[in-house]
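What follows is a single structure, written as structure tokens, with notes after it.
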Amino acid sequence: DGLVSAELEAGTLPNTPVIHRLSNLSSQLQHAREQGRMPLYTLDFTLEDDDAASATIPFDTVTVPGSSVIQFITRRRHTTKASSIWTAVSTSHFASQVLSSDQPTETAEQAMMEELDRLLTPYGVSFSNTTTSNRLQMERIKCWRAALTSTSLEAQHDSLALQPWRMAVCGDFIRTMTIHDTPLEAAALSGWEAAEQMASFFETTTSTEK
């Protein structure tokens, strides 16, 4: 049956005090977060010559299944500069190991920069290799202690609708985890369903007001 009642999944809440309903849902969400949380590190970096990098690096996003440190790298436009900013995302196993060290941030930064050197030097970019034509510059590193989850609420729907308050809860932790192939797919479909639920709530309100 899972942690979420059929009434919550269907959006029809039982006639119990509001505080109890929301407190119960909050406890369930916190339980899923604490029991199965998986950490990640993200490292943002830029390149000295962004235009040259666009010509030499043949991808905007790439997965790295052969690395135990970094699972994927992606590029996006910088919010304040006329250039791109890149983000490397660590593996959860690496992040878990680093967090048990004496200096986790420094350890993660060093290891991820070394791994990026190994992965990107063939494309002519590097943090430390002086023979490459383009240098990487680190912007920041951040630890996400509960970035992913290995548990869920075991619900039969992708999102939770709380119609009396025109609220919806979405995320990769809602539905039974074996339903979707990846957390990304689960999160995307959950957000889609939650958005449709929210739109229907406001459509009903507008129709009633008319």
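Whenever you get a sec, line up W86, W192 from highest to lowest accessible area (probe 1.4 Å, protein heavy atoms).
W192, W86
Extending each Cα 7 Å along its Cβ direction at E139 and T176, get the distance between those two points in nm, one decimal.
Distance between label points: 4.1 nm.
Calculate, for D44 and M167, the FRET efficiency according to 1/(1 + (r/R0)^6) with r their C-beta to C-beta distance and R0 35 Å; round to the nearest 0.05.
Using R0 = 35 Å, I get an efficiency of 0.60.
Can you sort F202, F94 by 1.4 Å-probe accessible area, starting with the largest?
These residues rank, largest area first, as F202, F94.
Once the Cβ-Cβ distance between D117 and L148 is put in as r, and R0 is 41 Å, what FRET efficiency do you end up with, to the nearest 0.05?
0.95
Ranked by accessible surface with a 1.4 Å probe, highest first, in what order do R175, R76 come?
Sorted by accessible area, descending: R76, R175.
The values are calculated or read from the model by the stated rules, or taken from the named source; none is laboratory data. Note that the coordinates shown come from a computational prediction; the quantities given were computed from them, not determined experimentally. Ideal geometry is used to build each Cβ from the backbone, glycine not excepted, and the neighbour counts take in all protein chains shown. Accessible surface areas use protein heavy atoms only, side chains included; no ligands, DNA or RNA. Shrake-Rupley method; radii C 1.70, N 1.55, O 1.52, S 1.80 Å.
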